[in-house]
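The values are calculated or read from the model by the stated rules, or taken from the named source; none is laboratory data. Model, not experiment: these values are computed from the prediction. Quick reminder, even Gly has a Cβ in these numbers, built from the backbone with ideal geometry, and neighbours come from all protein chains shown. With ligands, DNA and RNA removed, areas are computed over all heavy atoms of the protein, side chains included. Shrake-Rupley method; radii C 1.70, N 1.55, O 1.52, S 1.80 Å.
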Amino acid sequence: MVDLTQYLWLVWLIFIVVCIIIELLTLEFTFLMIAFGSIAGLGADLLGFPWWVQFLIAAAVSVLLILTIRPVLLRYMRKGEDPTPSNVAALLGMTGRVLSPVEANSGLVKLANGETWTARLSPATEQRTVTPGETVLVTLVDGATVVIIPTERAVS
């Protein structure tokens with residue numbers, strides 16, 4: 001009968017390659033740390049440790065690397081990046097002017113960045129309609145519609 005634990009080194013190698021491929025797709029350093037932990041498990045296999053010890057060594061090294069090295073690598077990778085919010089995050093909190101009356105389900109606003117969006121009133125407002133020319137604040141983006149509140153309410 002063949003002892004499958006003789007070929008555990010092959011399982012470790014395949015797992016290492018899979019983790020590196022996933023890491024190349026995600027770039028979050030988590031799977032890289034797991035791959036290095038698996039290299040430690042492979043080393044334990046080559047030194048003749050039982051399979052359960054190999055697993056414990058791989059898990060311990062992976063967790064240690066994730067908790068110590070990964071935050072440093074992430075900080076280094078993100079150093080110098082632009083902290084300015086973009087896309088939908090940039091619209092939250094932006095002011096705008098009402099172009100056509102905004103009600104619970106319809107209306108148009110021109111935001112401070114020059115874009116015109118369909119708008120609807122936030123359910124939190126007591127007002128039923130915001131008239132053209134009033135200043136509003138974006139509280140949420142729901143698809144292609146911004147949810148707004150009048151600025152008088154935002155200041156209160």
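Which length gain, in nm to one decimal place, applies between LEU140 and LEU67 when the Cα-Cα distance is subtracted from 0.36 nm times their residue separation? Could you put the intermediate results ahead of the total?
Values: separation 73, 0.36 × 73 = 26.28 nm, distance 3.47 nm.
Length difference between fully extended and current span is 22.8 nm.
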How much accessible surface area, in Å² rounded to 10, belongs to the heavy atoms of MET33 with a 1.4 Å probe? 0
Residue among LEU73, GLY114, GLY43 farthest towards the positive dipole end of segment 40-124, charges placed on Cβ: GLY114
Students sometimes get this wrong: rank ASP3, ASP45, ASP82 by accessible area, probe 1.4 Å, all chains present, largest first. ASP82, ASP3, ASP45
Can you compute the FRET efficiency between ALA124 and ASP82 using 1/(1 + (r/R0)^6), with r the Cβ-Cβ distance and R0 = 30 Å? Round to the nearest 0.05. 0.40
Options (1) 2, 9, 14, 12, 8, 5, 5, 6, 7, 8, 7, 6, 5, 4, 2, 1, 0; (2) 1, 7, 12, 15, 17, 16, 13, 9, 6, 3, 1, 0, 0; (3) 2, 10, 19, 23, 22, 15, 7, 2, 1, 0, 0 - which one matches P(r) over Cα pairs in 5 Å bins from 0, in percent as calculated here: (1)
Dipole magnitude of segment 104-156 about its Cα centre, charges +1 at Lys/Arg Cβ and -1 at Asp/Glu Cβ only, in debye to the nearest 20? 60
Any idea of THR116's accessible area? Nearest 10 Å², probe 1.4 Å. 80
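Could you list the trypsin sites (Lys or Arg not before Pro) in segment 75-105 that lie in coil according to DSSP, counting only those with at most 11 other Cβ atoms within 10 Å of their Cβ? Could you put the intermediate results ahead of the total?
Numbers: sites: ARG75, ARG78, LYS79, ARG97; in loops: LYS79.
Passing sites in segment 75-105 are LYS79.
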Solvent-accessible area of TRP117, probe 1.4 Å, all protein chains present, reported in Å² to the nearest ten, please. 40
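Quick one: length gained pulling VAL18 to VAL2 fully straight, 0.36 nm per residue minus the C-alpha distance? Mind showing how you got there, number by number?
Values: separation 16, 0.36 × 16 = 5.76 nm, distance 2.60 nm.
So the chain would gain 3.2 nm between VAL18 and VAL2.
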